[in-house]
1. Is the stretch 4-27 home to any residue that is at negative phi, free of Cβ contacts under 8 Å to residues at least 12 places away in the same chain and open to solvent by less than 30 Å² (accessible area, probe 1.4 Å)?
2. Between a first residue in the stretch 143-167 that is touching a residue at least 24 places away in the same chain (Cβ under 8 Å) and part of a helix (DSSP H, G or I) and a second residue that is among the hydroxyl-bearing types (Ser, Thr, Tyr) and open to solvent by 30 Å² or more (accessible area, probe 1.4 Å), which pairs have beta carbons less than 8 Å apart while being 6 or more apart in sequence or on different chains?
3. Which residue pairs have Cβ atoms closer than 9 Å, lie 6 or more positions apart in sequence or on different chains, and pair a first residue in the stretch 81-101 that is closer than 13 Å to Gln21 by Cβ with a second residue that is open to solvent by 60 Å² or more (accessible area, probe 1.4 Å) and modelled with pLDDT under 90?
4. Does Thr195 fit the bill of being assigned to a helix (DSSP H, G or I), surrounded by fewer than 16 Cβ atoms within 10 Å (Cβ to Cβ) and of a type in the set (Ser, Thr, Tyr)?
5. Counting only residues that are surrounded by 21 or more Cβ atoms within 10 Å (Cβ to Cβ) and among the small types (Gly, Ala, Ser), how many does the stretch 166-188 have?
6. Which is without any contact (Cβ under 8 Å) to a residue 40 or more places away in the chain and out of contact with any Phe, Trp or Tyr (no Cβ under 8 Å at 6 or more places or on another chain), of Val192, Val217, Val122?
7. For the stretch 199-208, give me each residue that is open to solvent by 40 Å² or more (accessible area, probe 1.4 Å) and in contact (Cβ under 8 Å) with a residue 12 or more places away in the chain.
8. For the stretch 104-142, enumerate the residues that are loosely packed, with under 15 Cβ neighbours inside 10 Å, at pLDDT 80 or above and closer than 26 Å to Leu213 by Cβ.
Amino acid sequence: MNRDWSTLWPLLWEAFGQTLQMVTIALLTGGIAGLALGLALYVTRPGNLLANKTVFGVLNVVVNIVRPIPFIIFVTLLGPVTLQVVGTTLGTEAFIFPLSVMTAFGTSRIVEQNLVGIDPGVVEAARAMGASSWRIIMTVLVPEALAPLILGYTFLFIAVLDMSAIAGLIGGGGLGDFALRYGYQRYNWMVVLVTVAVIIVIVQVVQWVGNRLARKVLHR
């Protein structure tokens, strides 16, 4: 067992790095794109700042179509686009692209739902003072929804970490691939347990940081 783990520990750390790379890039790119898409969904809703029934309808339908697609099918479906954008459909980089796209659509709903919860009176007060739509978005909507958005992004991190577990199916590596290849396929259940423990620690740390940040924003 000691000899096994002398070779498995470096592989585990490599898989950890691959997972961190996938999740971090997907959250940065998909999170920013999803924030923009969620804001667009909110402000174009009927009765809102930039109400536009056509734009809202199109965005709403697209998000509703993409979000329910199981991620493993979405990766396959986006294969031709991934090939054009990344140049390959295999490897970590090829997996990050569909992961980022799905993250963007998932983020958009979280952002929209948190913005909908804002008291309309706050927005109306800003409009009455002559603030532009862009100024209201940046100085009223985003700050008002910041704490729940932090918690939403914390939840999103966990969801993206979950999706990253299937990266091994296209040679993307990561913790999921490590657990399947060196644990499940070789009946080494200790490898699976250690991998699960690592994932639990990651989730607990991120959840703790997210909760702390949200509390600081609420009590500022």
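The values are calculated or read from the model by the stated rules, or taken from the named source; none is laboratory data. This is a predicted model, so every value here is computed, not measured. Counting neighbours? That spans all protein chains shown, and the Cβs are built from the backbone with ideal geometry, glycine included. Please note that ligands, DNA and RNA were not included when accessible areas were found on the heavy atoms of the full protein model with its side chains. Shrake-Rupley method; radii C 1.70, N 1.55, O 1.52, S 1.80 Å.
1. Step one: list which residues in the stretch 4-27 are at negative phi, which gives 4-27.
Adding the requirement that they be free of Cβ contacts under 8 Å to residues at least 12 places away in the same chain leaves 5-7, 9-10, 13, 17, 20, 24.
With the extra rule that they be open to solvent by less than 30 Å² (accessible area, probe 1.4 Å), the set shrinks to 5.
For the stretch 4-27, residues at negative phi, free of Cβ contacts under 8 Å to residues at least 12 places away in the same chain and open to solvent by less than 30 Å² (accessible area, probe 1.4 Å): present.
2. Every condition considered, no pair remains.
3. Within 9 Å, the pairs are Phe95/Leu169.
4. Numbers: assigned to a helix (DSSP H, G or I): yes; surrounded by fewer than 16 Cβ atoms within 10 Å (Cβ to Cβ): no; of a type in the set (Ser, Thr, Tyr): yes.
So Thr195 fails the test.
5. Residues in the stretch 166-188 being surrounded by 21 or more Cβ atoms within 10 Å (Cβ to Cβ) and among the small types (Gly, Ala, Ser): 6 in total.
6. Working: Val192 fails: out of contact with any Phe, Trp or Tyr (no Cβ under 8 Å at 6 or more places or on another chain); Val217 fails: without any contact (Cβ under 8 Å) to a residue 40 or more places away in the chain.
When all the criteria are applied, what remains is Val122.
7. Within the stretch 199-208, the subset open to solvent by 40 Å² or more (accessible area, probe 1.4 Å) is 199-201, 204-205, 207-208.
Listed by number, the residues that qualify are Ile199, Gln207.
8. Val116, Gly117, Val122, Trp134, Arg135, Met138, Thr139
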